[in-house]
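The values are calculated or read from the model by the stated rules, or taken from the named source; none is laboratory data. Given the structure is predicted, the values throughout are model-derived calculations rather than measurements. Here the Cβ is made from the backbone with ideal geometry for all residues, glycine too, and neighbour counts use every protein chain on show. Ligands, DNA and RNA are excluded from the accessible area calculation, which covers all protein heavy atoms including side chains. Shrake-Rupley method; radii C 1.70, N 1.55, O 1.52, S 1.80 Å.
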Amino acid sequence: MDLNELKTRAQKEIRKAKNLKELDKIFKKYLGKKGEISRIFSSLKGLSEKEKKKLGKEANLVKREVEEMIKEKLKELQGKLRKQKIEKEKIDVTRPGKKLGVGHLHPLTLVQREVLEIFQSLGFSVVLGPEVETEWYNFDALNIPKDHPARDFWDTFWLLRNQKIPNHKSQIPNKFKIQNSKFQKLLLRTHTSPVQIRYMEKHSPPLRIVVPGKCFRHEATDASHEIQFYQLECLMVDENVSVANFKAIIEEFLKRFFKTKIEIRLRPSYFPFTEPSFEIDIRGEKKGNWTELLGAGMVHPNVFKAAGINPKNWQGFAFGVGLDRLAMLRYKINDIRLFYSGDLRFLKQF
Ligand code: FA5
């Protein structure tokens, strides 16, 4: 056995090894249990003591040298692997980051904020009321008696299957309960007018408030009607308030909101909670169709009475304007249902 030839051969193969798998094969070929070097040691048995000693020594030397070479190569290959891994995982901190989508306000929110700002600058306070309302506040206190045909103006979503819910068993939060009443029928408010009563019960005139909020009606939807929409209620009560005050406020508001001259049309109308009552329609510069924008009138004496205010001493006007309708005119949108569609192609335009 030529140990030198074996060593040179091993050395060549080790040098050529491209990866750990190849190196492992070489290790097994020379140093494994049945490897070439191990076989030299087993072949020593048949030799004389002297030869055994000499060849044993030489074989040990070669074994150690081959082991050393493999160790070196292993280090080299592992280093290479580590480098490749680092290269792969390298992060270039100087590259521009991914852009995150930034959200924005819904067009109805934008319009609501703008409208509130205008009314606040005219001296009105912003007041909120519950969306789950009682029959008393939504109808009775507003002079809409039970079984009166006027109740049909407001197609109503009744809650809890029309059952009368005793106050003490109701799951409705305390602040939404009728005080001093044994029973209440609950509904989703059909307009923001009930907040007039809630506010006047707790505050004495003079009053100037606006109430933005969601309203609900059990009716068929079309391009200008939704089952859920927004209104803004306005109420002004003082000793000498007249229709002239109402006209001045609404004209000032429309002028500031639309920033151009808007045509308005005042139509006589009927609401049980105002007398006289009227509706206001508007149309833009291009003289298109008239859009019904709001219902209004002078507060009915029975409404003052229901809220504990003496109608002999106070007068007021009130109106309820559709915020969706304002937004449609502002942004030239011809279908109210787009606001609630969640369609990003629509919403991204604002
Ligand atoms: C009322 O709701 C009265 N509470 C308004 C009022 C308040 C009158 C104070 C007098 C004094 P009406 O049902 O007409 O009235 O609704 C008022 C406005 O809400 C409408 O002019 C319209 O702009 C808007 N509106 C009503 N129903 C819908 C609907 N289904 N979808 C979108 N907007 C609506």
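Below is a table of values for the structure above.
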{"read-out": "Residue among 155, 147 that alone is in a loop (DSSP other than H, G, I, E, B), surrounded by 13 or more Cβ atoms within 10 Å (Cβ to Cβ) and at pLDDT below 90", "value": "155"}
{"read-out": "Residues located in the range 186-206, provided they are open to solvent by 10 Å² or more (accessible area, probe 1.4 Å) and over 32 Å from the mean Cα position of the chain (by Cα)", "value": "201, 202, 203, 204, 205, 206"}
{"read-out": "Residues (of a type in the set (Phe, Trp, Tyr) and open to solvent by 50 Å² or more (accessible area, probe 1.4 Å)) located in the range 315-338", "value": "331"}
{"read-out": "Qualifying residue in the range 219-237 (condition: away from the ligand (no atom under 12 Å from the Cβ), more than 29 Å from the chain's Cα centre (by Cα) and on the phi < 0 side of the Ramachandran plot)", "value": "yes"}
{"read-out": "Cβ-Cβ under 6 Å pairs, at least 6 apart or on other chains, the range 189-209 side closer than 16 Å to residue 144 by Cβ, far side β-branched (Val, Ile, Thr) and open to solvent by less than 40 Å² (accessible area, probe 1.4 Å)", "value": "190/156; 192/211; 195/211"}
{"read-out": "Members of the range 207-221 that are open to solvent by less than 70 Å² (accessible area, probe 1.4 Å) and either at pLDDT below 95 or assigned to a loop (DSSP other than H, G, I, E, B) (or both)", "value": "217, 219, 221"}
{"read-out": "Qualifying residue in the range 31-47 (condition: of a type outside the set (Val, Ile, Thr), under 25 Å from residue 81 (Cβ atoms) and in a helix (DSSP H, G or I))", "value": "yes"}
{"read-out": "Residue 274 within 39 Å of the chain's Cα centre (by Cα) and at pLDDT 95 or above", "value": "yes"}
{"read-out": "Complete set of residues in the range 30-60 that are in contact (Cβ under 8 Å) with a residue 12 or more places away in the chain and not hydroxyl-bearing (Ser, Thr, Tyr)", "value": "31, 36, 37, 40, 41, 44, 55, 56, 58, 59"}
